[in-house]
Structures are given as C-alpha cells and as structure tokens.
1. Name the residues in the range 57-77 that are surrounded by fewer than 17 Cβ atoms within 10 Å (Cβ to Cβ) and more than 16 Å from the chain's Cα centre (by Cα), would you?
2. Would you confirm, using the coordinates I've provided, whether residue 80 is in contact with an Asp or Glu (Cβ under 6 Å, 6 or more places away or on another chain) and touching a residue at least 24 places away in the same chain (Cβ under 8 Å)?
3. Please specify each residue of the range 105-130 satisfying the condition of being of a type in the set (Phe, Trp, Tyr) and surrounded by 17 or more Cβ atoms within 10 Å (Cβ to Cβ).
4. Please go through the range 24-45 and give me each residue that is on the phi < 0 side of the Ramachandran plot and loosely packed, with under 15 Cβ neighbours inside 10 Å, ordered by number.
5. So residue 54 ticks every box in (1) closer than 26 Å to residue 126 by Cα; (2) out of contact with any Ser or Thr (no Cβ under 8 Å at 6 or more places or on another chain); (3) touching a residue at least 60 places away in the same chain (Cβ under 8 Å) but one. Which box is left unticked?
6. What pairs come up if the first residue lies in the range 119-146 and is closer than 18 Å to residue 82 by Cβ and in a helix (DSSP H, G or I), the second is modelled with pLDDT of 95 or more and among the polar types (S, T, N, Q), and their beta carbons are under 7 Å apart, counting only those six or more places apart or on different chains?
7. Scan the range 131-157 for residues that are crowded, with 18+ Cβ neighbours inside 10 Å, touching a strand residue (DSSP E or B) at 6+ places or on another chain (Cβ under 7 Å) and not polar (S, T, N, Q) and jot them down.
8. Anything in the range 1-31 that is more than 16 Å from the chain's Cα centre (by Cα) and of a type in the set (Val, Ile, Thr)? List them, or say none.
Amino acid sequence: MSDTRNPYGIDLGDRNARRSLHETPEAIATIVGSLGAEGFSKRTAPGKWTLAEILVHLAQTEIIVQGRFRYALATDSYLVQPFDQDRFMAVEPAVDGDAALAAYVSLRRFALPLIDRLSADELAKRFQHPDHGEISVAWLLAWWAGHERRHLGQIERIAAR
C-alpha cells in the first residue's frame, strides 16, 4: 500500500475496503428506495448536490475508477488521468436519479468478481496519480470505498431530513 494519505480514509475507517465495496451500494439503494421519487430533489443543505446529483456523481465515479483499476492491472507504467467532478456534472445536466442509481449498482455488480479475486501481487501493483503520487491498486480500492462511504453519509443525512 502507498504511504500516500488517502483523503477518504476517515470515511472508510477500519472497514475492509472489499467488503465495503460490496455493502455500500446496497445500503445506498435501500435508502434511495425508501425515499421515493420526491427524494431525488432533496439536498443535505442549500447549494449542495441533490440526491439525484449525488447518484449521477457515483455512477460517473464508478465508470472512472473501474477504468483506472483495470488500466492499472493491465498496463505497465500507467498514469491516471485526473477528472474534475464539477466539469463532469456540467456535461451531464439532465439528472435522472433512477438511471444513475441503476448504473452505479449494475456497474459495481460487474466489477465485484474481479475485485474479489485480486491477488496480493495485483493489489500491490503500483501506478502513478498526478495528485497522489505513486499508489497501488489496494490504495485505489480503499479510496473508492471511502469515497462512496462519504456519499453514503450524505444520503443518510438527506433521508433524515
């Protein structure tokens, strides 16, 4: 694992990243299902993303991160292409919460068999990230799991409102 600090490490806590990658989409889908269609327009606070926008962001992140970890496994000397979440959201202004949730959950289901079978050598495979330096596949999985845990917290706050 990289010595680079994971900005979502606090969100992941002491949870196992692979287990969290299994559980968090299910938790998010359950909460979203309980809110109904009117829940998609709710926000954690004024000026923050709506629930539908959070789901679009999770689906977009799923696409990006799955590409990153597959490239890292299949490519020597892989260099991550960073992305700006606000620019990604700007090119996708039509927000469909149901479609975003379905994409996020389905894409994760597609990735889980690969995530589950990663060997110690594959988890240790290193590559470069412009913002985080040299990182490993294991570091990326922990980042990914922590990132969505942060958004789970936001979704839980929306549900509590």
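The values are calculated or read from the model by the stated rules, or taken from the named source; none is laboratory data. Source: prediction; values computed, not measured. Glycine gets a Cβ as well: all are built from the backbone with ideal geometry, and neighbour counts include every protein chain shown.
1. Once the filter is applied, which keeps residues that are surrounded by fewer than 17 Cβ atoms within 10 Å (Cβ to Cβ) and more than 16 Å from the chain's Cα centre (by Cα), the range 57-77 yields 71, 73, 74, 75, 76, 77.
2. Details: in contact with an Asp or Glu (Cβ under 6 Å, 6 or more places away or on another chain): no; touching a residue at least 24 places away in the same chain (Cβ under 8 Å): yes.
Considered against the rule, which asks whether it is in contact with an Asp or Glu (Cβ under 6 Å, 6 or more places away or on another chain) and touching a residue at least 24 places away in the same chain (Cβ under 8 Å), residue 80 comes out as no.
3. Restricting attention to the range 105-130, the residues satisfying the condition of being of a type in the set (Phe, Trp, Tyr) are 110, 127.
127, the sole residue that qualifies.
4. Initially, the range 24-45 is screened for residues on the phi < 0 side of the Ramachandran plot, giving 24-35, 37-45.
Within the range 24-45, 26, 30, 33, 34, 37, 38, 41, 45 meet the criteria.
5. (1)
6. From residues that are closer than 18 Å to residue 82 by Cβ and in a helix (DSSP H, G or I), there are no pairs.
7. 135
8. Answer for the range 1-31, where residues must be more than 16 Å from the chain's Cα centre (by Cα) and of a type in the set (Val, Ile, Thr): 4, 30, 31.
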